[in-house]
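Chemist: Take this structure, written in structure tokens, and hold onto it; I'll ask about it next.
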Amino acid sequence: MIHSEQSGLVSFVMRTVGGRPREIRRAIASVSANDWRPLEVVVVYQGEQNEQWEDLQKLPAEFAGIGLQVVRNPATGDRRAENLNIGWTYAKGRYLGFLDDDDTLAPNHVSLLVDALQVTRKTWAYAQVTLRKENTNLEVVSESTPFRRHAFSLKSLWSENFLPIHSFLLDRSQLHSALAVHPFYEELDRSEDWDFLLRLAFYHEPAVIEEFTATYHVSTGGGNTNLSLMDSVGREDREQLNREAWARCKAIVESRKAGLADSVWWARDYFGLSASVGAAQDQHAAPSPEIQRRSLRERVIRKLIRLLERLQ
């Protein structure tokens, strides 16, 4: 049965650097097979106007049952976060999801997540994801469920990203103003999805679907098209550049996490972070009666947070 709602356009942003014509068609076909309408896919291609660009422009005719836009980012270098922001801008849907060009969705993925958003009135919802290893012929080698968690925990997400980018759907009409425009930090060319998710979860609690409705595909043949954006360097140099990029982006994310934690009084204690410089200096001054009363209230609230977390 097709679920249809005129005000419920669901858009998916798909970034690609080309070179995977089989995979991108499989990914889009999995969106088109969903039992929700209306649907839209915005393909953001980063690259030159070449044969790959020409092939991508065939996609709207091949998938006429859904809306499909193909836009090009001519920039050089790894602009994965920028590509997500471009897709975000072009997408018309109230509901928005993301899908890498080699991953897939189950036919009920969209309807389950939209239903969860509408019933709970929450800003985002996510479902469970299967990890599938496959060979170069796209044949299944093995499957596992390493991303599964028994319950959502912001503290766990603070430590590691366990939510693949295609696991969740957003209701953009309810997003915090800090996430409304260009929400992906474009200085990041690694962990840009984790950085975004940390902010999303910081401002909004998710609805959680226990069903597995998405698949994360990993090729045993190796190869990562994003690494091709590192210009024409040798393999060893590319691996070194990749390690340096991960280290640089980790430092950026940790700095942004610290800034996020400083924005509210409870975060540093909740996440077990050391006190900021300003807070450390304040500890040397005698607290006023008002500060003491506020401190007592804060300790009580922190205990309640911990109690509720243990009960999950």
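Quick note: the coordinates plus some simple rules give every number you see, no bench work behind them. Worth saying up front: this structure is predicted, and the values here are computed from it rather than measured. Positions of Cβ are generated from backbone atoms using ideal geometry, with glycine treated the same way; all protein chains shown enter the neighbour counts.
Chemist: For a quick check: with amide H placed at 1.01 Å from N, whose amide H comes under 5 Å from residue 207's, ignoring anything fewer than 5 positions away on the same chain?
Modeler: When sequence neighbours closer than 5 places are left aside, the close amide H contacts are 124, 125, 126.
Chemist: Using a cut-off of 12 Å between alpha-carbon atoms, which aspartates and glutamates can reach residue 155, once sequence neighbours fewer than 8 places away in the same chain are excluded?
Modeler: Partners found: 269, 309.
Chemist: Quick one: compute the contact order of segment 80-189, relative version, from alpha carbon pairs under 8 angstrom and 6+ residues apart, as a percent.
Modeler: Across segment 80-189, relative contact order equals 44 percent.
Chemist: Shifting gears a bit: Mind running the shape call on segment 3-241? Use the C-alpha gyration tensor, a ≥ b ≥ c as the square roots of the eigenvalues: rounded below 1.5 for a/c, prolate if a/b tops b/c, oblate otherwise.
Modeler: Cα axes put segment 3-241 in the rounded bin.
Chemist: Between residue 7 and residue 90, with labels modelled 7 Å along Cα→Cβ, what's the label distance in nm to one decimal, could you check?
Modeler: For residue 7 paired with residue 90, the spin-label model returns 2.8 nm.
Chemist: Would you mind ranking 162, 168, 12 so that the residue whose beta carbon has the fewest other beta carbons within 10 Å leads the list?
Modeler: 162, 168, 12
Chemist: Rounded to the nearest 0.05, what FRET efficiency is calculated for residue 48 and residue 174 with R0 set to 45 Å and r the Cβ-Cβ distance?
Modeler: The pair residue 48/residue 174 has a calculated efficiency of 0.70.
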